[in-house]
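The values are calculated or read from the model by the stated rules, or taken from the named source; none is laboratory data. Remember, predicted model here, so these are calculated numbers, not experimental data. We place every Cβ from the backbone using ideal geometry, glycine too, and count neighbours over all the protein chains shown.
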Amino acid sequence: MTRPQSQPEQPAADALTARIDAHLELEAASLLELSHRIHAHPEVRFEEVQASAWLADALEARGFAVERGSGGLPTAFRASLDGRGDGPTVALLCEYDALPGLGHACGHNVIATMGAGAAFALAPLMSELPGRLLVIGTPAEEGGGGKALLLDAGVFDGVDAALMIHPEHVDQSNMPTLASFKWDVAFHGKPAHAAMAPHLGVNALDAVRLAFAGLDALRQQVRPDVRMHAIVTDGGAAANIIPERAAMLAVARSADAGYLFDDLAPRLRNVFEGAALMTGARLEIGDSSPAYLEMAVNVPLEETFERHARRRGRTVTPYDLQSRSGSTDMGNVSQVLPGLHAMLAIDDVALPHTAEFAVAARSARGDATVLDGASVLAGIAADLLTDADLLTRVHQAFHEATGRATP
Ligand SMILES: [Zn+2]
Ligand SMILES: [Zn+2]
C-alpha cells in the first residue's frame, strides 16, 4: 500500500539532526568520560549503585526531572523532559550492569552512554519539539530481568516507543533473540557417612547427575532452535558425606515462547521430577529471574535506525530471523510496546561475554560507537516525536507482530 509522505511541521529533519550532532559534539568529552568511568567500576545486576547515580545526576544537570528507585528497584531511574506541547512519549533505555568476574564484557557502559548521549543531545531541543522524552535506567539485564520487573511495576506505562542499541561485532537493526527461562533447581536428600553407612543416605548429588543425563536425552527430542544449558551450583559438602543438598541452575531457550513455556517447560520439569523420584530426593524448583521473551520485529523502527546509522557512515547488514540467539529482557519490552534493540559494532571479531569484548567496550572504536549510537538514537527519537505518520506505522507494525493493542 502507498502512504502519503509525512510532512513534519517543524523543524526540518535534516536541520534537526545537524543540531543534534552539534550538541553531541559539545557533550562528547563528558559522555566518553562517563562511559570510561562506568567501565572502570563494573557493578553486577541490582548492585549498579554508582552507574545509576552517575547517569541520573548527569541527566538532572541537563534539565531532566529524575525519579530514582523507579518501580521499587533501587538502581533503576526514570528521567523525563517535556517538550513544547502534547505529543508522543519516547523512551531511551540505559543498561549498565556488568558481568560477574568479567567486568563490562557485554559493553553495557556503551549502552548506557549511547542512551544518555542521545538525551544530552536532545535536551536543548526539547523546547521546540512536541511530546516527552524519557530516559529509563534499567538494571540487571544480565540475568535479573530488570525490564520485566519495571514493566510489571508500570514504569513503561504511557511510552509509545522504547529505544536502545547494544554494542556488537556487526551493525544490525535488530538483535533477534530467544525467549528463555532460568530455574534454580535444588534436590534435598539425607546425609550419611559415605563409607560407614551410605545405605542410610539419600544422595542429592545423584539426582543432579541424573538430571543432567535426562536433560541431554531431552536435547535430541526438541526443536532445533532450543538451547538448554546448566551448571552445578551445589555439589555437596565433602566426598565422605552423602550429599544432603545439591543444586543446579538450568536455562532453556526457544525462538517460540509458546513452545518454550507450554511444551518444553513441562518436559524439563519431568526430567527433574524423574531424577528426584529415582533417588528419593525432594525437588525444589524456583524461577531464578523473570522469563525473557523473544525480540519482536518492527520494520518501520528498524528502517529508521538504518537511515540514521547510514547518516553516521555505518554499514548496516541484514539480520537473519532464523538464527535467533541469546536473550534479553528488551524482548519483554518489545512484546508490550514498540521497541528497538539494534546493534552497532565496537569490534569486528570479539563477541559479548569475552575479555576481548570488555577491552573493545572502552577502546577508541568503542568510543566512536558511543557517539554514533547517541546520534542515531537521538535522530530516531526526534523522528518519532515529530513525524506522526512514522509513529502510526510503528504502532501498526507492533500490533501486527504481537497481536496486542497499540499503546
Ligand atoms: Zn550480556
Ligand atoms: Zn548485553
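For the reader, a short list of remarks on this structure follows.
- Hey, Leu283 in a helix (DSSP H, G or I), closer than 30 Å to Gly189 by Cα and not charged (D, E, K, R) or not: no
- Among residues of region 383-407 being in contact with a strand residue (DSSP E or B) (Cβ under 9 Å, 6 or more places away or on another chain) and among the aliphatic types (A, V, I, L, M), the one that is farthest from Ala257 (Cα to Cα) is Leu385.
- Verdict on Gly236 being among the small types (Gly, Ala, Ser), surrounded by fewer than 16 Cβ atoms within 10 Å (Cβ to Cβ) and in a loop (DSSP other than H, G, I, E, B): no
- Within region 310-399, helices (runs of 4 or more DSSP H) holding 2 or more residues that are away from ligand 1 (no atom under 16 Å from the Cβ) and farther than 30 Å from Ala252 by Cα: 364-386
- Residues within region 116-143 that are within 13 Å of ligand 2 (Cβ to nearest atom) and at pLDDT 95 or above, tallied: 5
- Tabulated pairs, region 303-317, first of a type in the set (Ser, Thr, Tyr), second surrounded by fewer than 19 Cβ atoms within 10 Å (Cβ to Cβ), C-beta under 7 angstrom, 6+ apart or interchain: Thr317/Val170
- Only one entry in Ala255, Ala281, Ala276, Ala246 is under 25 Å from His395 (Cα atoms) and crowded, with 20+ Cβ neighbours inside 10 Å, namely Ala255.
- Candidate set: region 166-193, residues that are in contact with a Pro (Cβ under 9 Å, 6 or more places away or on another chain) and part of a loop (DSSP other than H, G, I, E, B); chosen: the one nearest to ligand 1 (Cβ to nearest atom): His169
- Unique residue being buried (at least 22 other Cβ atoms within 10 Å of the Cβ), closer than 15 Å to Leu55 by Cα and away from ligand 1 (no atom under 16 Å from the Cβ) when the list is Ala119, Ala112, Ala123: Ala119
- Complete set of residues in region 33-80 that are among the hydrophobic types (A, V, I, L, M, F, W, C), surrounded by fewer than 17 Cβ atoms within 10 Å (Cβ to Cβ) and under 27 Å from Met126 (Cα atoms): Ala53, Ala61, Ala65
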